[in-house]
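The structure appears right after this line, and notes come after that.
The values are calculated or read from the model by the stated rules, or taken from the named source; none is laboratory data. Note that the coordinates shown come from a computational prediction; the quantities given were computed from them, not determined experimentally. All Cβ positions, glycine included, derive from the backbone under ideal geometry; neighbour counts span all protein chains shown.
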């Protein structure tokens, strides 16, 4: 009886795993879909000054390497201290675009944040990472 139950569980787990694998043979696969390709997905601010306004913006450049127009939906930041801006119009095949992220440097300490980019691309979700640190507030004299 134990072996029978174990066998049933194994068959169920295998069937479930196979049904979750949606590769190119899936009916939802579109070979012409847009593909968003970033030059980099990590930006290191390094160590920046408290309330810095000249090093607090980073740019993530990308290209639509697919065959259909790329449409970005609203990027989601892991906190309110990283504010993304992105192209609202479709990015045609072969064209490039930029996502700029402004970091609030009034938050002292380590920077370890993410911005999730969602789109109609084959790779529907891309996570951009921000790292670095903000120096402490200068002491008043």
For region 58-82, which residues satisfy the criterion of being under 13 Å from the mean Cα position of the chain (by Cα) and not in a strand (DSSP E or B)? 73, 74, 75, 78
Counted residues in region 87-108 being loosely packed, with under 14 Cβ neighbours inside 10 Å, assigned to a strand (DSSP E or B) and either at pLDDT below 95 or touching a helix residue (DSSP H, G or I) at 6+ places or on another chain (Cβ under 6 Å) (or both) come to 0
When you scan region 65-86, do you find a residue that is surrounded by 12 or more Cβ atoms within 10 Å (Cβ to Cβ) and at pLDDT below 90, even just one? no
From the list 41, 35, 11, which one is over 30 Å from residue 130 (Cα atoms), surrounded by 10 or more Cβ atoms within 10 Å (Cβ to Cβ) and either under 25 Å from the mean Cα position of the chain (by Cα) or at pLDDT below 60 (or both)? 11
Among the residues of region 50-57, are any more than 14 Å from residue 111 (Cβ to Cβ), touching a strand residue (DSSP E or B) at 6+ places or on another chain (Cβ under 8 Å) and either part of a loop (DSSP other than H, G, I, E, B) or at pLDDT 95 or above (or both)? no
